[in-house]
Amino acid sequence: MQRRGYLHQIHPVLPVKDVVEALDFYVNRLGFKIAFADDSKNPKYAGILRDGIEIHLQWHDAAEWEENADRPMLRIVTQNIETLFEEYAANDVFHAHTLLRETAWGTKEFAFYDPFKNGLTFYRDVK
């Protein structure tokens, strides 16, 4: 019998203009740890970890950056969402309209953008 392929992780790659700035935001404000970087002083590609989440950050030349282009939106399943919301509120990462809310599709969630306009939504199912 042939075995079926099995997907078990995803490591999204977010575009950033400055990997060092992105690392500072994700590590010092969102509580991630650096997993790896291709260069310790001037990285162009790096990975970050928090709990069971791994995200990669990839440098993109600012001269080629389209300000109006759509950026990725990550939806991250979260436990203890109220505590995480309070942690991030204390670290001043939210925009003026960030709320912890229950949705019509059965989740409790909040969302904001990183410094490069990549969207981050943290959520849990309401059951």
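The values are calculated or read from the model by the stated rules, or taken from the named source; none is laboratory data. Note that the structure is predicted; figures quoted are calculated from it, not measured. All Cβ positions, even for glycine, are placed from backbone atoms using ideal geometry, and neighbour counts span all protein chains on display.
Summary of computed values
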item	result
Any hit, the range 57-76, residues being touching a helix residue (DSSP H, G or I) at 6+ places or on another chain (Cβ under 9 Å), surrounded by 12 or more Cβ atoms within 10 Å (Cβ to Cβ) and part of a loop (DSSP other than H, G, I, E, B)	no
Glu87 vs. criteria in contact (Cβ under 8 Å) with a residue 12 or more places away in the chain and touching a His at 6+ places or on another chain (Cβ under 7 Å)	no
Breaking point among (1) among the acidic types (Asp, Glu); (2) crowded, with 17+ Cβ neighbours inside 10 Å; (3) modelled with pLDDT under 95, for Asp114	(3)
Test: residue in the range 44-51 that is under 16 Å from Asp114 (Cβ atoms) and part of a loop (DSSP other than H, G, I, E, B)	no
Top-ranked residue in the range 28-41 [being modelled with pLDDT of 95 or more and assigned to a loop (DSSP other than H, G, I, E, B); ranked as surrounded by the fewest Cβ atoms within 10 Å (Cβ to Cβ)]	Asp39
Set Leu99, Leu84: member being buried (at least 18 other Cβ atoms within 10 Å of the Cβ) and not aromatic (Phe, Trp, Tyr)	Leu84
Residues of the range 1-27 that turn out to be over 24 Å from Glu87 (Cα atoms) and assigned to a loop (DSSP other than H, G, I, E, B), as a count	12
Number of positions in the range 90-127 that are of a type outside the set (A, V, I, L, M) and not in a strand (DSSP E or B)	15
